[in-house]
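The values are calculated or read from the model by the stated rules, or taken from the named source; none is laboratory data. Keep in mind that this is a model prediction, so the values were computed, not measured. Heads up, the Cβs are rebuilt from the backbone with ideal geometry, glycines too, and the neighbour counts pull from every protein chain shown. These accessible areas exclude ligands, DNA and RNA; they are computed on the full protein's heavy atoms, side chains included. Shrake-Rupley method; radii C 1.70, N 1.55, O 1.52, S 1.80 Å.
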Amino acid sequence: MKINVAQQLKQSMGNMRRYTVSETMGDGFSSVHGEIGLVLTNRSILATGEFNTTANCTCSRCLEEFQYPLKFELSEEFFPTGDILKDTPTSVAKVEEEDGFIIGEDHILDLSEALRQHMIIGLPAKSVCKPECAGLCQKCGQNLNTGQCNCSNEQSDPRWSPLRKLIEDQMVESGREVN
Ligand SMILES: [Zn+2]
Ligand SMILES: [Zn+2]
């Protein structure tokens with residue numbers, strides 16, 4: 001989303017504007033919706049807002065694709081190029097790119113890159129399609145959400161393997177043979 005901030009940059013410090021954001025993102029995300037508030041500071045435009053989108057994720061248990069609903073906040077400074085801020089007669093300190101985003105000389109504040117970065121950061125490293133996802137059979141690879149395979153349930157259910165290991169360890173410690 002591109003916002004022309006030429007008029008806002010001429011206002012006094014503290015000037016605030018709100019915009020509704022509804023943008024198609026691509027990159028495995030659906031469209032993103034929310035509201036952005038732009039506040040003029042003594043050196044930049046501070047953009048803050050809350051957004052919703054859904055991301056195409058792969059379940060870390062059953063490896064199926066699913067839609068992950070993502071809610072995220074954004075708070076970023078956008079720095080104008082040139083000395084156009086009314087309340088800052090001296091030249092604006094040169095801003096390193098990692099401190100924020102740059103408003104081009106055309107006075108266009110481009111939210112898209114900031115949104116994209118926050119969406120990627122907001123995604124969990126590991127996600128499951130549903131809390132009770134049964135995952136894949138460790139022996140035959142069958143997706144256990146769609147039905148049981150012919151392997152032994154007790155041995156194939158990955159949720160039980162830590163417990164099973166514990167029991168086996170204890171049996172070994174107590175000097176008994178497993179099975
Ligand atoms: Zn799953
Ligand atoms: Zn199996």
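For this structure, a couple of remarks:
- Members of region 2-35 found to be of a type outside the set (D, E, K, R) and within 17 Å of the chain's Cα centre (by Cα), listed by number: 21, 22, 24, 25, 26, 28, 29, 30, 31, 32, 33, 34
- Evaluating residue 34 against the criteria (1) open to solvent by 80 Å² or more (accessible area, probe 1.4 Å); (2) modelled with pLDDT of 85 or more leaves one unmet condition, (1).
- Checked against the criterion of being among the aliphatic types (A, V, I, L, M), within 16 Å of ligand 1 (Cβ to nearest atom) and modelled with pLDDT under 95, the candidates 125, 114 yield just one match: 125.
- Filtered by the rule that a residue be more than 9 Å from residue 76 (Cβ to Cβ) and surrounded by 13 or more Cβ atoms within 10 Å (Cβ to Cβ), region 109-121 gives 109, 110, 112, 115, 116, 119, 120.
- Candidate set from region 40-76 (those that are open to solvent by less than 40 Å² (accessible area, probe 1.4 Å) and farther than 21 Å from residue 22 by Cβ); member that is farthest from ligand 1 (Cβ to nearest atom): 40
- Test: residue in region 135-158 that is at pLDDT 90 or above, open to solvent by less than 30 Å² (accessible area, probe 1.4 Å) and more than 12 Å from ligand 2 (Cβ to nearest atom): no
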